[in-house]
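**Q** Can you keep this structure in mind? I'll have questions shortly.
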Amino acid sequence: MERLTPDDGIFRDEDALRDHFPDRILERDDKLAEYQSRFKEIVRNKRPRNVFVYGPTGVGKTIGTKAVFQNLERSIEAFDYETSRFDEPSLRTVHLECKDLNTSYQVAAHLLNRLRSATDRDRVSTTGYPEGEIYRMLFEELREVATSHVLIALDEIDNIGDDDNILYKLPRCNNDNSAAYVDPATTKVGVVGITNDGTFRDSLDPRAKSTLCDQEIHFPPYDAVELETIVEDRAAVAFHDDVLSQDVVPLTAALAAQRSGYARTALDLLYEAADNARSADDSRVTETHVKAAEESIQQGAIVEEIRGLSTHGTLVAYAMLRLSESEALPAKIDEIYAWYKQFAEQVDVDPVTSRTIHNTLNDLMVNGTVTSEEVNRGRSGGRHYEYELGCRAEILLDGLEGDPRIGSVDRRL
């Protein structure tokens, strides 16, 4: 077996192609300016708005939120309040990942501990308390925070599902005269809800929706030109000089834009192409390496993903395939759900809710199996998402081939 050495004629620093390296966001200046404008009230020492941020995975929502929070703090520090007519605010920001938190209780408990982390007070157990007691402690903590403003980002909030009580209580704590009331004269609270699922707000309790979604920010997928800027920036750090042929970065960006529009897709593709060149002892990364990597990544990832789906996920994928065969794509969620429900009844499983199918479709978007587009038909048709296959139907068929769970589905439907 050949011994490994650190010498590498292709990569200078492959970590540059990983998430959050460097920890900055490109091609989002207009979006960040729009986002930051939602919080102008804070630097004026007024109550902040609540903001709902949505868009697919890997388009800058999380990094953008952190950048906006940091700039707000720096703006307050830099402004000369002594010569202005405004009282100087003080700001504390909290960014809570809700990926593994599936109830409002868990979100409230973890948020309480994050708020207490800067003090000498004991952190609480995230289980075992009555829910009302957790809320009591959380809002008492907000009343006692040492800053005039607290800005809370709840990332991936769709994981809490139908249990959205925290999304009703927390965003309105400054104007609710219940036990959850936090006097804005003491602490002004703003909440940012972040989700990959743009339809999540439609499933919220109307009271939670009206308060949390006071302002909305949509982060769309990147286009090919934007992805090219991002890839070129990372490639300058990742590779030795003159390793990439001239067409590699534009092609990588174009293929990633077609598949998903995610920066992560583009960076993974470039790494795979370069790694293939390194393994073949080629001195340069070329268009041929990129095309081979794209075919391998897309087909392999999708086939593996389809084969690992739950029964309900498999039926959703099969519904997309059948809709494609019928030339009925793109389709709205209710059309996909109708096909899925028929198939579920045929294989004798209880259909899950439309909300669960939404989440399944979002999962299928990560590897480019499915794509979606927000459609606004005005007052007559409203705003909704339409879903389309993001890969060739043959790849999807490869993943489903031989699956006993769809063997009894009637092809005539």
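The values are calculated or read from the model by the stated rules, or taken from the named source; none is laboratory data. If you're wondering where the values come from, they're calculated on a predicted model, not measured in any experiment. Glycine gets a Cβ as well: all are built from the backbone with ideal geometry, and neighbour counts include every protein chain shown.
**Q** Would you mention how many residues in segment 146-173 are surrounded by fewer than 20 Cβ atoms within 10 Å (Cβ to Cβ) and either outside any helix (DSSP H, G or I) or touching a His at 6+ places or on another chain (Cβ under 8 Å) (or both)?
**A** Narrowing segment 146-173 to residues surrounded by fewer than 20 Cβ atoms within 10 Å (Cβ to Cβ): 146-148, 161-163, 165.
If we keep only those that are either outside any helix (DSSP H, G or I) or touching a His at 6+ places or on another chain (Cβ under 8 Å) (or both) as well, we get 146-148, 161-163.
Here the count works out to 6.
**Q** To continue, here is another question. Could you go through segment 101-117 and let me know if any residue there is surrounded by fewer than 19 Cβ atoms within 10 Å (Cβ to Cβ) and among the hydrophobic types (A, V, I, L, M, F, W, C).
**A** For segment 101-117, residues surrounded by fewer than 19 Cβ atoms within 10 Å (Cβ to Cβ) and among the hydrophobic types (A, V, I, L, M, F, W, C): absent.
**Q** Looking at segment 325-336, can you tell me whether even one residue there is under 19 Å from PHE200 (Cβ atoms), part of a helix (DSSP H, G or I), out of contact with any Phe, Trp or Tyr (no Cβ under 8 Å at 6 or more places or on another chain) and in contact (Cβ under 8 Å) with a residue 24 or more places away in the chain?
**A** No, every residue in segment 325-336 fails to be under 19 Å from PHE200 (Cβ atoms), part of a helix (DSSP H, G or I), out of contact with any Phe, Trp or Tyr (no Cβ under 8 Å at 6 or more places or on another chain) and in contact (Cβ under 8 Å) with a residue 24 or more places away in the chain.
**Q** Look through VAL192, VAL150 and report the one residue that is assigned by TED's automatic domain parsing to the domain that holds LYS40, among the β-branched types (Val, Ile, Thr) and closer than 20 Å to LEU101 by Cα.
**A** Numbers: VAL150 fails: closer than 20 Å to LEU101 by Cα.
The match here is VAL192.
**Q** How many residues does segment 345-380 hold that are in contact with a His (Cβ under 7 Å, 6 or more places away or on another chain), of a type outside the set (Ser, Thr, Tyr) and within 26 Å of GLU304 (Cβ to Cβ)?
**A** 1
**Q** All but one of (1) under 17 Å from ALA109 (Cα atoms); (2) not in a loop (DSSP other than H, G, I, E, B) hold for LYS209, so report the exception by its number.
**A** Looking at each condition in turn, LYS209 falls short on (1).
**Q** Can you pull out every residue in segment 387-410 that is buried (at least 17 other Cβ atoms within 10 Å of the Cβ) and of a type in the set (A, V, I, L, M, F, W, C)?
**A** LEU389, CYS391, ILE395, LEU396, LEU400, ILE406, VAL409 - these are the residues of segment 387-410 that are buried (at least 17 other Cβ atoms within 10 Å of the Cβ) and of a type in the set (A, V, I, L, M, F, W, C).
**Q** Would you be able to tell me the number of residues in segment 228-246 that are without any contact (Cβ under 8 Å) to a residue 24 or more places away in the chain and under 16 Å from ASN276 (Cα atoms)?
**A** Qualifying residue count, segment 228-246: 0.
**Q** Let me ask something else about it. Any chance segment 294-304 includes a residue that's in a helix (DSSP H, G or I), over 24 Å from LEU397 (Cα atoms) and not basic (Lys, Arg)?
**A** Initially, segment 294-304 is screened for residues in a helix (DSSP H, G or I), giving 294-304.
Imposing the further condition that a residue be over 24 Å from LEU397 (Cα atoms) reduces the set to none.
Looking for residues that are in a helix (DSSP H, G or I), over 24 Å from LEU397 (Cα atoms) and not basic (Lys, Arg), one finds none in segment 294-304, hence no.
**Q** Among the residues of segment 354-377, which ones are surrounded by fewer than 15 Cβ atoms within 10 Å (Cβ to Cβ) and either modelled with pLDDT of 90 or more or more than 22 Å from the chain's Cα centre (by Cα) (or both)?
**A** ARG377
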